[in-house]
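Presented below is the structure to which this report refers.
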Amino acid sequence: MPPTEKTTPDTLPRRLSVAPMLDWTDRHFRFLARQISRHALLYTEMVNAGAVVHGDAARFLLKNDCENPVALQLGGSEPALLAKAAAEAAAWGYDEINLNCGCPSPRVQKGAFGACLMNEVALVADCLNAMQDAAPDCAVTVKHRIGIDRQTDYQPLADFVGTLSEKTACTVFIVHARNAWLDGLSPKENRDVPPLKYDYVYRLKREFPALQIVLNGGIKTNAEAALHLQHTDGVMVGRECYHNPMLMRDWDRLFYGDTREPAVYAELAERLRDYAAERLADGRGSILRHITRHCLGLMHGLNGARQWRRMLSDAELLKDNDPELIMRAWREVEKAGRRADTAEAV
Ligand SMILES: Cc1cc2nc3c(=O)[nH]c(=O)nc-3n(C[C@H](O)[C@H](O)[C@H](O)COP(=O)(O)O)c2cc1C
C-alpha cells in the first residue's frame, strides 16, 4: 500500500511513528506495520554507517517498496562515513535519515556514538551537515535523550537542540523523554529506569515552535498519544507497537483523518501468507521464522492469541517453511473466537 500523496522532507507524516528497534523493526516487521497503518512513519533498526559503506549495503538497506514513508536510522560519528551511508540510503529510496544520539549500549559507546554524542554537539552538527549535503532530498533528523547520566537540568537539552537548529538544516528532533545513564544500566534498563520527563519535551516545543518536536517513551495507548499531540508535533511508539501491532489500526482514522476501513485480522493473515511466500521465493535467504517471529503479537487480546503465538514460534512446524502455516494458525484463532462466543451465549 503506497502512501496516497508524494511526501517531501517537510511533509513526512510524522504525527505517529514506529520507533527504530534493533532486531525488531526489520523489513518484515515494517511490512506488517504498513499493512496496519497506511500513514505512520516507519523507522528501521539502527544500522552502523560503517557497515553500510564497507559491508554488504543490500543486507542493511533492503526494504519493501510498500514501506514508504520510511526512515533509515544510522549509527556513527564520522561525518564522511555518515555522508556516504546517507547517499546510499537516498539511492535505496529512504525518505528520511536519522542519526542515533540516544543509544546507551557499551558497544556503541566504545564506537563513540549513540547517546554519548549528546556531549559532542559540534560533532553532531558536522555529522548532520555532511549527511544532508550527501542526501539533499531526504529529511535528516536526530533521535536523542533528554540528558546523559545524572544530569537533570533542562538547559543542556535546550542548548543541544538550539545549537543544532542554528548550525544545521535539521528541523526535526525526536526526543526519548528520559536520560541515558551511560554507566551501570543495561540498554534494556535504560529504556525503563531513568524517569520519563514529558514536560521537558513539551517545553522544547514551546521554546522552539518552528522545530518539529516528536515525543517518544512509554506510550501505550492511543489516548496517551492524543494527549501528547496537544503539546508536540508527533509521537513515536516503540515496544507497544511491536507487542501489540493492532494498536496502529486506528492511527489512520484518529491521527491522519483517513476514514477508509482498516484491514481486518483475516485479511492481515492472508497478506502475511502472501508476503511470506514471496520472500521465501525471492532467493535472499529468508526463512519463515524470520517473518513469523515479528507477527506473534498480532492477535494480542484475542481468544486464540496463545495458539497463534505457539504455532508461529514452533520450530517443528516452522521447519517446513510453508507459508500456509500462517493461515492454519489464523484458523485456530477463529475457532477459539467461535468457542468463546458459544460459551458466552450459553
Ligand atoms: C528491542 C529494542 C531495540 C531498540 N533499538 C533501538 C535502535 O536501534 N535505535 C534507537 O534509536 N532506539 C532503539 N530502541 C529504543 C526505542 O527506539 C525507543 O526509544 C524506546 O523503546 C522507548 O520507546 P517505547 O517506550 O515506546 O518503547 C530500541 C528499543 C527496543 C525495545
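The values are calculated or read from the model by the stated rules, or taken from the named source; none is laboratory data. Because the structure is predicted, anything quoted here is derived from the model rather than measured. Methodologically, a virtual Cβ is constructed for each residue, glycine included, from the backbone with ideal geometry; neighbour enumeration extends over all protein chains shown.
Observations, loosely collected:
- Those residues of the range 276-296 which are over 20 Å from the mean Cα position of the chain (by Cα) and hydroxyl-bearing (S, T, Y), in sequence order: S286
- Scan of the range 86-110 for residues that are in contact (Cβ under 8 Å) with a residue 40 or more places away in the chain and more than 12 Å from the ligand (Cβ to nearest atom), ordered by number: A86, A87, A89, A90, Y94, D95, E96, I97, Q109
- Sub-9 Å Cβ pairs linking a first residue in the range 203-225 that is assigned to a loop (DSSP other than H, G, I, E, B) to a second residue that is among the aromatic types (F, W, Y) and more than 10 Å from the ligand (Cβ to nearest atom), at least 6 apart or interchain, are F208/F173; L211/F173; G217/Y198; G218/Y198, ordered by first then second residue.
- Residue in the range 292-302 that is farther than 24 Å from S17 by Cβ, surrounded by fewer than 14 Cβ atoms within 10 Å (Cβ to Cβ) and more than 16 Å from the ligand (Cβ to nearest atom) present: no
Let's see how each residue does on (1) under 30 Å from D133 (Cβ atoms); (2) away from the ligand (no atom under 15 Å from the Cβ); (3) more than 22 Å from the chain's Cα centre (by Cα); (4) crowded, with 20+ Cβ neighbours inside 10 Å:
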site	(1), (2), (3), (4)
G147	yes, no, no, yes
C170	yes, yes, no, yes
R203	no, yes, yes, no
P209	yes, yes, yes, no
T221	no, no, no, no
D233	yes, yes, no, no
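- Search result, residues across the range 58-80 that are closer than 20 Å to T11 by Cα, outside any strand (DSSP E or B) and not charged (D, E, K, R): C66, N68, P69
- Checking each residue in the range 226-261 for being of a type in the set (A, V, I, L, M, F, W, C) and in a loop (DSSP other than H, G, I, E, B) picks out only L229.
- Among residues of the range 180-198, those that are within 17 Å of G114 (Cβ to Cβ) and of a type in the set (S, T, Y), counted: 1
- Where a residue in the range 40-57 is within 15 Å of P69 (Cα to Cα) and outside any strand (DSSP E or B) and its partner, wherever it lies, is at pLDDT below 95 and away from the ligand (no atom under 12 Å from the Cβ), with Cβ under 8 Å and at least six apart: A40/P13
- Filter pass, L185 being farther than 24 Å from W24 by Cα, of a type in the set (A, V, I, L, M, F, W, C) and either assigned to a loop (DSSP other than H, G, I, E, B) or within 15 Å of the ligand (Cβ to nearest atom) (or both): no
- When each of A58, A80 is tested for being aliphatic (A, V, I, L, M), more than 16 Å from the ligand (Cβ to nearest atom), modelled with pLDDT under 95 and surrounded by fewer than 21 Cβ atoms within 10 Å (Cβ to Cβ), the lone residue that passes is A58.
- In the range 148-179, the residue that is farthest from C116 (Cα to Cα) out of those that are of a type outside the set (S, T, N, Q) and modelled with pLDDT under 95 is R150.
- All positions within the range 122-167 that are assigned to a loop (DSSP other than H, G, I, E, B), under 24 Å from A86 (Cβ atoms) and touching a strand residue (DSSP E or B) at 6+ places or on another chain (Cβ under 8 Å): A135, C138
- Qualifying residue in the range 38-47 (condition: away from the ligand (no atom under 14 Å from the Cβ) and at pLDDT 95 or above): yes
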